[in-house]
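All remarks here apply to the structure that follows.
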Amino acid sequence: IFINKTDKEISVVCESGKLPQAVVECKIGWKAIVTDEKHTNGTKMASAEISGILSGRDIGVFIVSTYSEDYIFVKTADTPKAIITLSAMGYEFM
């Protein structure tokens, strides 16, 4: 669960089965690609590179960053295309 609060809103990113009761708006149908800091030399460049690659293939992304990992969300329908595209660029999936 990721919670972000600004002076205008509170955003919650979570599994759809764990949605809070007082949800005003919800967008479901996303899958996460998680970067592994051990394989990105401790930098956040992987998420920038990945989002650039995917946007070049008309695949939209939504990124949530934490201290040690980035979560790159793509629409569920775009997940196979994203995996094929990133695999062709040398990214590995576990």
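The values are calculated or read from the model by the stated rules, or taken from the named source; none is laboratory data. What you see is a predicted model; the values in this text were computed from it and never measured. So basically every Cβ, Gly included, is an ideal-geometry build from the backbone, and we count neighbours across all protein chains shown. For the accessible areas, the whole protein counts, side chains as well, though only heavy atoms, and no ligand, DNA or RNA atoms are used. Shrake-Rupley method; radii C 1.70, N 1.55, O 1.52, S 1.80 Å.
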Quiz item: Relative to the longest principal axis of the chain, what angle (0 to 90°, nearest 10) does the C-alpha long axis of helix 79-88 take?
Solution: 30
Exercise. For the chain, give the percent of accessible area contributed by carbon and sulfur heavy atoms, probe 1.4 Å, rounded to a whole number.
Key: 55
Self-check item: Once exposed loop GluC sites (Glu not before Pro) are cut out (DSSP; at most 10 other Cβ, 10 Å), longest piece of the chain
Solution: 26-91
Quiz item: How do ILE33, ILE10 stack up against each other in accessible area, from largest to smallest, with a 1.4 angstrom probe?
Solution: ILE10, ILE33
Quiz prompt | Dipole of the chain, positive direction: furthest Cα of VAL61, ASN4, GLN21, with charges on the beta-carbon | solution = GLN21
Practice problem: Note the angle between two axes, namely the Cα long axis of helix 45-56 and the longest principal axis of the Cα atoms of the chain, as a number of degrees from 0 to 90, rounded to the nearest 10. | Solution: 90
Practice problem: Provide the per residue accessible area, probe 1.4 Å, for the chain, rounded to a whole number of square angstrom. | Solution: 76
